[in-house]
Amino acid sequence: MNVRVAPGARDVCLPTVREIALPALWGIPGIRQRIVALPTEPVLTGEAAREREFRLGRAIAAQLLLEHGSATGRVGVGLDRSPQWPPGFIGTISHSPALLGVAIARRDAVEMRVADAPGQCGIGIDIEPIIEGAAVEDIRRFCLCEEERGVRRPLSSREDAMTVTAIFSAKEALFKCLYPIVGSFFDFCDVVIELNLQAAEIRGQLKRALSPELPVGTRVLGRCRFIEQHVVTAFAWPSSALFENITYL
Ligand SMILES: CC(C)(COP(=O)(O)OP(=O)(O)OC[C@H]1O[C@@H](n2cnc3c(N)ncnc32)[C@H](O)[C@@H]1OP(=O)(O)O)[C@@H](O)C(=O)NCCC(=O)NCCS
């Protein structure tokens with residue numbers, strides 16, 4: 001069954017999807033997020049599954065854009081595979097086989113928060129299933145840097161898996177947030193992630209300058225939530241106005 005959305009704007013047809021209730025990930029009023037569960041039927045794999053995730057992500061993005069005043073709901077695909085948002089908007093997409101998340105914002109809702117970096121803003125979301133088994137050690141070895149691997153407390157194996165997944169996911173979310181600003185690839189160890197899982201907060205700190213406006217030591221703040229055997233992480237840049245008195249373990 002299809003539902004009609006975006007009254008007053010161009011209609012967007014979406015399959016019926018289950019909404020995942022999640023507190024606002026960014027705390028910026030202008031950022032609109034939507035997290036949904038992917039339909040379990042029909043069961044799709046490989047290219048067909050990827051195609052369904054892509055189409056549903058675009059449909060949700062179109063819905064959010066039209067609801068928030070964009071003249072178009074179309075989100076293009078760059079040569080580097082990055083999403084190309086309509087003029088005046090930024091956004092971000094993530095999908096796992098089970099969940100899909102999209103967020104959009106008018107550029108001025110995010111960039112106005114720092115006067116000295118006009119035009120430079122981004123948001124990034126990532127959704128990852130909690131990693132299991134041998135993959136935990138693989139991700140720790142290949143995607144975490146020394147400072148992150150070194151943070152070892154007496155964790156159960158489940159807590160350890162959740163922590164490693166959250167750090168990995170935070171790096172992916174931060175990449176999506178900053179890539180459209182810097183326009184070039186950066187690596188997992190160009191950023192060090194600190195988690196405060198109790199407070200659902202993340203701090204990313206640049207270990208390499210990504211641009212003159214993003215020098216070594218730049219801190220980017222984000223949030224992290226666990227839902228339905230997944231972690232969801234989110235960053236915004238600029239973000240310094242978002243969290244005051246942030247503390248880390
Ligand atoms: C691009 C990348 C971050 C995508 O993450 P993923 O976990 O594989 O997949 P997700 O489902 O979460 O995200 C896919 C979405 O990312 C978005 N995306 C792809 N490339 C992107 C880019 N360069 N910038 C911003 N967003 C991008 C797209 O919207 C894509 O969905 P779509 O194809 O339906 O439009 C990942 O594949 C990658 O290349 N990582 C290496 C770079 C990196 O993370 N460095 C670490 C820096 S600390």
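Just to verify a number: what accessible area does Ile181 come out at with the full protein assembly present, 1.4 Å probe, Å² rounded to tens?
40 Å²
Tell me, what % of the accessible area of segment 2-237 is carbon and sulfur with a 1.4 angstrom probe?
54 percent
For the chain, list the DSSP H helices whose alpha carbon atoms reach 15 Å or more along the long axis and whose average Kyte-Doolittle value is -1.0 or above?
What comes out of the filter, once short or polar helices are dropped, is 46-67, 157-182.
Taking the Cα atoms of the chain, what is the range of coordinates along each of the three principal axes, in descending order and whole Å?
That works out to 52, 46, 34 Å along the principal axes.
Obtain the nm distance between the two label points defined at Glu132 and Asp187 by a simple spin-label model: each point lies 7 Å from its Cα along the Cα-to-C-beta direction.
It works out to 3.2 nm between the two label points.
Run lengths n ≥ 4 of DSSP H only: what is the helix-derived mean residue ellipticity at 222 nm for the chain, with -39500 (n - 2.57) per run over all residues, to the nearest 500?
-8500 deg cm²/dmol
Given labels modelled 7 Å from the Cα in the Cβ direction, how far is it in nm from Thr16 to Val43?
2.2 nm
Which cross-chain or sequence-distant (5 or more) residues have an amide H under 5 Å from the amide H of Ser239, H modelled 1.01 Å from N in plane?
So Ser239 has HN proximity to Leu221.
Taking amide hydrogens as modeled 1.01 Å from N in the peptide plane, which residues meet the under 5 Å criterion relative to Ile130, leaving out close sequence neighbours?
Placed amide hydrogens put His230, Val231 under 5 Å from Ile130.
When the chain is fully extended, how far beyond the present Cα-Cα distance does Ala24 get from Arg141, taking 0.36 nm per residue of separation?
Difference between extended and current length: 38.9 nm.
Highest mean first, what order results for 72-82, 42-52 on Cβ atoms within 10 Å?
The densest-packed peptide leads the list: 72-82, 42-52.
Amide H to amide H under 5 Å from Lys207: which residues, 5+ apart in sequence or cross-chain, H placed 1.01 Å off N in plane?
For Lys207, the qualifying residues are Val191, Val192, Gly217.
Restricting attention to segment 128-228, which chymotrypsin sites (Phe, Trp or Tyr not before Pro) occupy a DSSP loop and are surrounded by at most 10 other Cβ atoms within 10 Å?
When the chymotrypsin sites (Phe, Trp or Tyr not before Pro) of segment 128-228 are filtered for loop state and at most 10 Cβ neighbours within 10 Å, Phe185 remain.
Return one whole number: the accessible area per residue of the chain in Å², for a 1.4 Å probe.
Per-residue value: 50 Å².
The values are calculated or read from the model by the stated rules, or taken from the named source; none is laboratory data. All figures in this text were calculated on a predicted structure; none of them were measured in a lab. Cβ atoms come from the backbone with ideal geometry, glycine included; neighbour counts cover every protein chain shown. All accessible areas refer to the heavy atoms of the entire protein, side chains included, with ligands and DNA or RNA removed. Shrake-Rupley method; radii C 1.70, N 1.55, O 1.52, S 1.80 Å.
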